[in-house]
Every structure is written in structure tokens, then in C-alpha cells.
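The values are calculated or read from the model by the stated rules, or taken from the named source; none is laboratory data. These numbers were taken from a predicted model, which means no experiment stands behind them. Heads up, the Cβs are rebuilt from the backbone with ideal geometry, glycines too, and the neighbour counts pull from every protein chain shown.
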Amino acid sequence: MLDELHIRGLGVIDEVTVPLAPGLTVVTGETGAGKTMVVAALELLRGARADGDQIRAGSSRALIEARLDPAPPAAHEWLEDDDDALVVSRELAAGAEGSVRSRARLGGRLAPVSALAETVGERVDVHAQSDQVRLADEARQRALLDQVGGAEVAQRREAYAQAYEAWRAADAELHALRTDARERARELDRLRFELDEIDAVAPEAGEEEALDAELARLEHAAALTEAGQRAAEAISGEGAARDALGGALGALREVGGIDAELDALAERAEGLAAEAQDLAMALRRHAEAVELDPERLERLRERKAALAGLCRKYGPDAAAVAAYAEQVRERVERLEGGEERAEQLAAEVEQARAARDEAAEALSAARGRAGERLASEVERHLADLAMDGARFHVELTPVDPGPTGADRVAFVLAANPGEPALPLAKAASGGERSRVALAVRLALADADDTPVLVFDEVDAGIGGAVATEVGRKLARLAQGRQVLCVTHLAQLAAFADVHLVVRKATTDDQRTRAEVEALDEPDRVTELSRMLSGAVDSELAAGHAAELLAAARAD
């Protein structure tokens, strides 16, 4: 859960530390005091897009920090071994022409903003007034329904996505095969020419080194022969190195057996003489073996030029050219078997279509079951919110298969008995839409285990007994969770475990800034009085506020 939230330089907030605790925490205050900045700060920590206008006027940067304890499972790579909690921060810096630079940190280490969504986003869920508009969007409704469906819908959706992609790929290939015959013929001519050109040379992987070595020998054959012969003569010719070594050996033998060290040197001289004899013979054999073959030399030069020409077109070396030729060969075979491939593809497309449709039916069935559960939960909440005659339904209309399935999802509502069911945007007034949005959010909260839920003025358009019921529901929802709610209704605020008030204050330089204070019992009565009557010194309102608190505790 969130232990603490620190905000600096955001909107009207100069610097505040917001104490947070398990259970239901409400944030109240006059309009414009900065309540929604608390929600905006949490949105930024969840990875929301930053806006330069969010930075406090006169400040160059804004900073939001929070501590999550225990750390989210996705944050393990950002933590040290002995860390149980995660400190997360987001810094905004004003750039040129209204732009903004953003920097995120997880566990004190720099991290991409996307990592915030993966770590904080999975533990903190924010529901704002904009959900009323988003709730009417078909894509949003489908996403919410799939969320209610949980693991079953997720598995069916993944299976459908794979089947749909397999069908789409096969169908696209078949379409291309049938409609691009002329282009296929041009490609086939080009590939055949390339293959003929490569096959005429038949390059082999690694042959360049052997070719260069043989070319070097043939190009320098005369010089190699002469060098070998001269070297052999220098060693074994009359009066040459071999004779000199023989003379040295003879001199040492005359005094043999007298000096052990000199005897050892004599053995070395004897070895050198023998080695010189062998070396001279080897040099003569090598010189005689050097081939003078102008025709062979010319053929090798022609092959090297042919290889170089292929490498300029098809790859950096002979191995790459040979590999390219195999790819071309496979492509030619596919193009040459166009009609046969078309028939084969047509069968594959039909098989893929059948698998796609089967997966779509399974997904639709899972969504249907999820829709029934969602409708039942929403209607239960609506009854508690003074809309007991309302009927909520999730309609699944068959459509052509697409990336997300083969059905159109629509949330429809009959707000009153006897009225036809209509899409949400048309079926309810503003206050009713608020209650439907809240009922859906409550149903979704029941369907998952997100530990921190944030509600931003979800009570818009409602009041009286309905507001009390909203407070009761949020208090129940906060059991085992942390729920933060920005509200303007005293009936709802009375259910809070922790009551925070945001007030405007004036700094020394006559600038307005927001302050956040946790209220004790007497101050709660005063704040609830203000919310009820607009005045903080009304005895009647104070009595009513005390009654609200007592009733909430009793509940």
C-alpha cells in the first residue's frame, strides 16, 4: 500500500506531504484548493503523460514521491536484496516553449517512465470523472468486460489472437499469390538470372583463401624457384655452409673425449651439419616442384574476378553468396509452384478460418459469461444507489472477426422500468450516468485485487441517501484495501477512516499555495459542517455533521 505521498511544485501545491493509511481516506476542500492535484500526482506516478502546465507557476520543476510497502512484485529488479518497500518518484522539468522533460526513479535508480506503469500501475488504480465519458466508448467497454472475465477471458483472447493472426497471414499470402501474378513472373525471371549467374561460378565457402594462396605461388613461380635453388646452393655448394660446418665438426673431433662441455658442443655441430644437409635437399625439391603454369594462372585470375563480381552483387564473401543462392533457390521453387501453392494455401486458409471462428466462439462465450456476472453485480450496486428499477445488460453483437474478436460489446441500460434498453450515453441523465459509472467501477473492484484504489469525485451528480450509500460501499470496498476518494459530499466523507482537508494559504510573497492536513475528531465535525452548509460556525450543521459521523460508525 501507499505509506506516504510527497508533492512539490505541482499546480497550486508548493510542497505538501500527504499521510496515507489503510482503509478509506477522503480528501475534501473548497473548489480550487488543489484536491485533484493529489490524484494528478498519483496518475503521474502511474506513468501518465506529463504536461508542462502541471508545473507550478514560477517553478522550474515538479517532484512527486511515494513509498509502496510492500514493494510490487514487478519492482524486484529495482530493489536491493534487503528492501521490502519501494520508493518511486517522478520529476517534471519545464522545457522550451511549454515542453516538459520527465524523469522517473524506482528504488532510487533512474528508470523509464514505462516502468512506472508496470510497477505502480499494477498496484494503484485511478477512477476519475472522465470514466463517465470513457465508459461509453466501445473499446473501453470491451476492455472492462475482459477485466471482469479474468483468466478465462484472457486465455480465450490469447488463443483467438494467435488463431486470427495465423488466418490473416495465410489469407494475405494467398491474396498476394493470386493478385500479383505479373509481379511474380518478373520476380521469377530476375531470380532465375541471378541463380544462373551464381551457379555458373559455383562459389564454395572459404575458397578465397586457398585461391589467393595458389595465385600467389603461380604469380611468383620463377622467383620462388630461383630463391630455392640459391638457398640450397648457399648451404650445400662447394665451400658453402655445409662444408664450413663439416670443417668445424672435424676440428672438434680432434680433441674429442677431453672436455665434456666441448663434446656436447660437438654433438650440436654434428646435428647442425645433418640439418643443413636435409634443408638443402628440401630446398632443391621445393624449387623443382614449383609449377610454372601460365594457363592455370589465367584460369585462377578469371575465377577470382568472377567471385569478386558475385560478391559485389550478392554478398561480402563466397559463403554469403552461396547462402543467398540457397535462399533464391527456395524462393524460385515457391514461385514456380504458384498454382500448386495457391491450392495448398487455399486449404490452409480454410483450416485457419475454421480455427479462428472456433476460437472466436469460445471467446464470445467467455465474454457472455463475464457479461452476465458484470450485469448482475452492476444491477446490485445500482439498486443500492437508488436505481433499483434499472436494468443493466452487456450486449454482444456478432461482427466480422477482427483483432479483438468477433463480437461488438455494448453496455446498455434501461434506467427505469418499461423503458427500452439504450446505450449508456443515451439511456441516463448525468446523475444516473455517474451512478452507473460508479456501479461498474465497484463491480470491477470486486473482480480484482488491486490494493490501492483512487476515486476522483465519483459522487458528481448525486447526493442525499445515495451519497450515504456511496460512502458505505467505498468503506466496505476499503476493507483489506487502501481507498483514496476526493469528494465534496459530507455523507460520503463521514465514512472515512482518515479525513484529509486541502486548504488554500498565502505565502510570504503573497502567492497562493495548498496545504494538506489530517483532521482529528473535532476538526472533522467542523469540515463536515462546512461541506453541509458552507459555514463552519453553524450549530445546526455541526449537529448534523456529528450525526453523520455517528451513523457512519454505527454502520
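No other residue among Ala494, Ala546, Ala551 is under 43 Å from the mean Cα position of the chain (by Cα) and either loosely packed, with under 12 Cβ neighbours inside 10 Å or more than 22 Å from His6 (Cβ to Cβ) (or both) apart from Ala494. Comparison of Leu374, Leu283, Leu345, Leu363 shows that the only residue that is modelled with pLDDT under 85 and of a type outside the set (S, T, N, Q) is Leu283.
For every residue, the table says whether it meets (1) over 17 Å from Asp456 (Cα atoms); (2) outside the structural domain of Lys473 (by TED's automatic domain parsing); (3) surrounded by 21 or more Cβ atoms within 10 Å (Cβ to Cβ).
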| site | (1), (2), (3) |
| --- | --- |
| Val12 | yes, no, no |
| Glu15 | yes, no, no |
| Thr31 | no, no, no |
| Lys35 | no, no, yes |
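Give the residue, chosen from Thr487, Thr506, Thr512, that is farther than 12 Å from Gly23 by Cα, buried (at least 17 other Cβ atoms within 10 Å of the Cβ) and in the same structural domain as Ala57 (by TED's automatic domain parsing).
Values: Thr506 fails: buried (at least 17 other Cβ atoms within 10 Å of the Cβ); Thr512 fails: buried (at least 17 other Cβ atoms within 10 Å of the Cβ).
One residue alone meets the criteria, Thr487.
When we screen Gln229, Gln162 for residues that are of a type in the set (S, T, N, Q) and at pLDDT 85 or above, the only hit is Gln162. When Leu532 is tested against (1) in the same structural domain as Val39 (by TED's automatic domain parsing); (2) surrounded by 12 or more Cβ atoms within 10 Å (Cβ to Cβ), just one condition goes unmet, and that condition is (1).
Taking the conditions exactly as written (modelled with pLDDT under 90, of a type in the set (Lys, Arg) and not assigned by TED's automatic domain parsing to the domain that holds Val454), does Arg168 satisfy them or not? Don't jump to the end; show me each part of the working.
Values: modelled with pLDDT under 90: no; of a type in the set (Lys, Arg): yes; not assigned by TED's automatic domain parsing to the domain that holds Val454: yes.
The answer is no for Arg168.
Selection over region 342-363 of residues that are surrounded by fewer than 17 Cβ atoms within 10 Å (Cβ to Cβ) and touching a Pro at 6+ places or on another chain (Cβ under 8 Å) gives a count of 1. The residues of region 388-437 that are aliphatic (A, V, I, L, M) and either within 24 Å of Val470 (Cα to Cα) or at pLDDT below 80 (or both), listed by number, are Ala390, Val394, Val412, Leu413, Ala414, Ala415, Leu424, Ala425, Ala427, Ala428, Val436, Ala437. Beta carbons closer than 8 Å, at least 6 apart along the sequence or on distinct chains, pair a first residue in region 34-51 that is under 13 Å from Ile13 (Cβ atoms) with a second that is assigned to a helix (DSSP H, G or I) for Ala40/Gln54; Leu44/Gln54. Among the residues here, Ala202 qualifies as free of Cβ contacts under 8 Å to residues at least 24 places away in the same chain, on the phi > 0 side of the Ramachandran plot and not charged (D, E, K, R). In the set (1) hydrophobic (A, V, I, L, M, F, W, C); (2) closer than 18 Å to Leu144 by Cβ; (3) crowded, with 20+ Cβ neighbours inside 10 Å, the condition left unmet by Ala415 is number (2).
Only one of the listed residues (Ala467, Ala406, Ala439) is of a type in the set (Gly, Ala, Ser), in contact (Cβ under 8 Å) with a residue 40 or more places away in the chain and within 28 Å of Leu549 (Cα to Cα). That residue is Ala439. Looking across region 464-491, the residues that are of a type in the set (A, V, I, L, M, F, W, C) and within 35 Å of the chain's Cα centre (by Cα) come down to Leu474, Leu477, Ala478, Val483, Leu484, Cys485, Val486.
Tell me yes or no: at least one residue of region 313-324 is part of a helix (DSSP H, G or I), within 35 Å of the chain's Cα centre (by Cα), surrounded by fewer than 17 Cβ atoms within 10 Å (Cβ to Cβ) and not polar (S, T, N, Q). So far as region 313-324 goes, yes, one or more of its residues are part of a helix (DSSP H, G or I), within 35 Å of the chain's Cα centre (by Cα), surrounded by fewer than 17 Cβ atoms within 10 Å (Cβ to Cβ) and not polar (S, T, N, Q). Counting residues in region 501-508 that are basic (Lys, Arg), more than 30 Å from Ser59 (Cβ to Cβ) and not in a loop (DSSP other than H, G, I, E, B) gives zero. The residue pairs whose first member lies in region 107-118 and is part of a helix (DSSP H, G or I), whose second member is hydrophobic (A, V, I, L, M, F, W, C), and whose beta carbons are closer than 7 Å, counting only pairs six or more residues apart or on different chains, are Val113/Ala104; Ala115/Ala104; Ala115/Leu106; Leu116/Leu45; Leu116/Val88; Leu116/Ala104; Glu118/Ala74.
Suppose we filter Arg178, Arg182, Arg192 for residues that are free of Cβ contacts under 8 Å to residues at least 60 places away in the same chain, over 30 Å from Leu86 (Cβ atoms) and surrounded by fewer than 16 Cβ atoms within 10 Å (Cβ to Cβ); which single one remains? First the steps, then the outcome.
Working: Arg178 fails: free of Cβ contacts under 8 Å to residues at least 60 places away in the same chain; Arg192 fails: free of Cβ contacts under 8 Å to residues at least 60 places away in the same chain.
The match here is Arg182.
Of the strands (runs of 3 or more DSSP E) lying entirely inside region 9-88, those carrying at least 3 residues that are within 27 Å of the chain's Cα centre (by Cα) and more than 22 Å from Met531 (Cβ to Cβ) are 61-68.
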